[in-house]
Amino acid sequence: MRLVASSNSAPASVNRYLLPHEQDVVTIRRHPAVLIGPVGAVLGALIAAGILSNTSVAANSAALAIIWWLWLLVLVWFVWRVAEWSVDYFVITSARLLLTTGLITRQVNMMPLGKVTDMRFERTLLGRFLGYGTFVMESAGQDQALSKINFIPYPEQLYLEVVGLIFKE
């Protein structure tokens, strides 16, 4: 029974890493909660810039300009993080697990399903509330490129999908 709908067509940025004999089972983005820190930083910087603009620190226009240029840099950093999130995918195929990350420098981490000896998911209280979890995978005592994946949406359903692929019988 499939609990998470398959997209049946991975985005082109992910499809190029799939082998011809592989079937895309699930392709998802990481949970938007990955952006909580950057959102907090932008809002905190906005509040700080607003407070500093109304104090004697910003009495001259040069100081005021510096304050708001610094906030603009934080905003540009936030937009960059959102753009990175939008191209990062976690992919479960019939043969392996993939995590593609990076906007300019592309990084593809993978683990063959046959190598997964132990897998668990963890959910913090905030993760339960917002609906995300962490996958932790081990492979026969070896250090793998794909051992921990944070901010996975629908962790219970995806866990069952992976376990169903590992234990096909």
Problem - Members of the range 90-107 that are over 12 Å from V26 (Cβ atoms) and buried (at least 18 other Cβ atoms within 10 Å of the Cβ) - result: R96, L99, T100
Handout entry: Of all residues making up the range 117-146, the number that are at pLDDT below 85, closer than 25 Å to S13 by Cα and surrounded by 13 or more Cβ atoms within 10 Å (Cβ to Cβ)
Key = 2
Exercise for the section: Give V14, V39, V4 a once-over and let me know the one that is among the aliphatic types (A, V, I, L, M) and at pLDDT 90 or above. Expected result: V39
Problem - Filter result (of a type outside the set (A, V, I, L, M), in a helix (DSSP H, G or I) and more than 30 Å from P153 (Cα to Cα)) within the range 34-72 - result: G50, S53, S56, S61, W68, W69, W71
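Condition check ((1) in contact with a Ser or Thr (Cβ under 8 Å, 6 or more places away or on another chain); (2) surrounded by fewer than 17 Cβ atoms within 10 Å (Cβ to Cβ)) across all residues:
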| residue | (1), (2) |
| --- | --- |
| G37 | no, yes |
| A45 | no, no |
| T55 | no, yes |
| A63 | no, yes |
| I66 | no, yes |
| V76 | no, yes |
| A83 | no, yes |
| D88 | yes, no |
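The values are calculated or read from the model by the stated rules, or taken from the named source; none is laboratory data. If you're wondering where the values come from, they're calculated on a predicted model, not measured in any experiment. For neighbour counting, all protein chains shown are included, and Cβ atoms are generated from backbone atoms with ideal geometry for every residue, glycine included.
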